[in-house]
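Every number here is computed from the coordinates shown, using simple stated rules; none is lab data. This one's a predicted model, so the numbers in the text were calculated from it and none came from an experiment. Cβ atoms come from the backbone with ideal geometry, glycine included; neighbour counts cover every protein chain shown.
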Amino acid sequence: MKKTALALTATIIIVIILISIPLSIRTVEASNGDYSIEFVNHAIKILYNGYVLINDTITISGQGPNVFFMGFPIKYQPYILQALAYNESDSFPVSLNVSFEGRIGFYGVRINFTHGTAQTFNVGFIVSNILLSQNPENTSYYLLDFPAFPSFTKPVATCNGSIVLEGATYVNGSQPVTGFNYQQYNLTAFTLSPGYVIFQLTDSSVQLMAVKELNREIIVNEIGEIAVSDGYYVTNTGLSELSAVEVILPLNASVLRTTDQFGRTLSDSSFIDEKIGRYNVSFALPVETNGSAWFFVQYSLPSQIYLSAQGGTNLFNLTLLQFLNVSYYVEQASIAFVLPEGARISTYTNFNIAKGPFQESLTINLADISPLSLIVSTTALQVAYEYNPLWLAFRPTLWMWAIAIVGCSVFGIWKRPKIPERISTMPVAISAKLRLEDIKSFISAYDEKRKITLEIESLESRAQRGKIPRRRYKVQRKILETRLNSLSRTINESEEKMRAAGGQYAELVRQLEIAENEIDEVEANIKSIEARHSRGDLLLEAYRKFLTDYQRRREKANTTIDGILLRLREESR
């Protein structure tokens, strides 16, 4: 009896297990989805700076999965910088470098459909421009190494491939890339399809470069005017010299001025397409391969579009979109808002706020800016602040008080009783005789000194850019410095003779020394603000203001020296 009961129990357990197996299989199939992949549009777009946007539009039929897997050949793993899954109404979490059902040689990607399965969705990737290379013998020819088709865990009925690049001519490609548009029916599961395409470009629609930094500073003044400065730090990664680059500005930008890192105006810059903000920046000197350069684009934006006031209050809203319509990849970016003096911030999101005694500013730091990152993040950056128009009188009031205090001080000093001056009883020295040859020698030596100083500056610049070998630089600099020391002794001797001559010559020497001291002081101040700006201790706007002031002072001192030398030339005739 006992054995019969045990046998019956075992039979029941086996039957339950056999029944539960197909049920569990159906449960797993339901969670993973009983679906098929009907169509995939595999679009490859080469961005302006050579980075690649891969966008796969996937259409499935049947019961969609909760988790969807796709992949690429493992060789592309180091070059995938960014990924995003989305459809018209939502975006989905993406996990990179996951197991591709245990298959070797694949770079797996997992998409989680957290809000229900999508029948049609997109998966986009940003790939490094290292995969795009130029032909050293003919730099108009490019080779792009890319995944010709993505990999899936199920077959694909139809997979269309396309390479989006205007102004290019197809030259050659690996199978199945027989042109800029190609197709594959019944693409098998777990397909490994690395490929390449060779094409020719005769224009500048692609510039191989890395945009290392993009720093945007937005300044709102007391009357609501908006001034913007975009600073770009780019590195030339191509084989050709980089003589111009294209950037995207906000819509309705006007009153443009483009400068290099030294504040020099790049006058050949102009709009390519003002409607979408395409702007061409032409460098004064081309950027060589592996070389880097800063440049700045300054412009104004209409306050009636980007700045709004709440009626009857002192509240204002400043609204800007994040780098709209960019056609390139940016590694690091920042947006800084500098508000007028007296403004107090009401609301802000994801900003670092800096508060001064009279002024507040906000900064947001961003990374990996590209057309892909802007697909689902076109939300505007908004800053609400409170500003009382009475602050318009703040600076004028300070100036009036300062003028009043200075005026009272001067009046008090002027009214103070004067101490009688003592009459000197020292004998007057007889002025030494000054020959015309001494004046001519001074002028000639001074002109040559200025010429050698410019040669040293040019030599220093060429050495920093690697134009001349270091050993040759040291030898040439030593020769120029030796000659400069000899000229300085001649100039000092002539100056002593002119001082001894007295009268107008002594006065000209005094004015010359003042101008030279002014130039030395200006040069020291420029080096100081450049060091402070590079450390981040000095804001860009303040740095430019100081630099402009110092350059003006240097030009004025040089004009004074030119006038003194001209007068001495007239005296020596």
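One table, with the values for the structure above:
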{"read-out": "Rounded to whole Hz, the Karplus (6.51, -1.76, 1.60) HN-Hα couplings of segment 133-146, x for glycine and proline", "value": "10, 9, 7, x, 7, 9, 6, 7, 9, 10, 10, 10, 9, 7"}
{"read-out": "Relative contact order [Cα under 8 Å, 6+ residues apart], segment 33-201, whole percent", "value": "26 percent"}
{"read-out": "Within straight-line cross-link reach of K154, aspartates and glutamates at Cα separation under 17 Å, skipping those fewer than 8 residues along the same chain", "value": "E29, D34, E38, D56, E101"}
{"read-out": "Cα-based reach from K467 at 13 Å (exclusive), listing aspartates and glutamates while leaving out same-chain residues under 8 positions away", "value": "E288"}
{"read-out": "Cα gyration tensor shape of segment 33-201, rounded if a/c is under 1.5, else prolate or oblate by comparing a/b with b/c", "value": "prolate"}
{"read-out": "Euclidean distance of C-alpha centroids, segment 527-542 and segment 155-215, integer Å", "value": "44 Å"}
{"read-out": "Segment 216-231 and segment 437-514: distance between their alpha carbon centers, rounded to Å", "value": "44 Å"}
{"read-out": "Filtered GluC sites (Glu not before Pro), segment 160-265: DSSP coil and at most 11 other beta carbons within 10 Å", "value": "E166"}
{"read-out": "Cα-Cα over 23 Å, subset of K75/K212; K474/K556; K527/K556", "value": "K75/K212; K474/K556"}
{"read-out": "Segment 434-571: C-alpha gyration tensor shape, a/c 1.5 cut-off, then a/b vs b/c", "value": "oblate"}
{"read-out": "Under 5 Å, built H, 5+ apart or other chain: amide partners of Q207", "value": "N49, G50"}
{"read-out": "Potential lengthening between Q77 and E274 on full extension [0.36 nm per residue; Cα-Cα distance subtracted]", "value": "67.1 nm"}
{"read-out": "Selection of chymotrypsin sites (Phe, Trp or Tyr not before Pro), segment 255-311, meeting DSSP coil and at most 16 other Cβ within 10 Å", "value": "F262"}
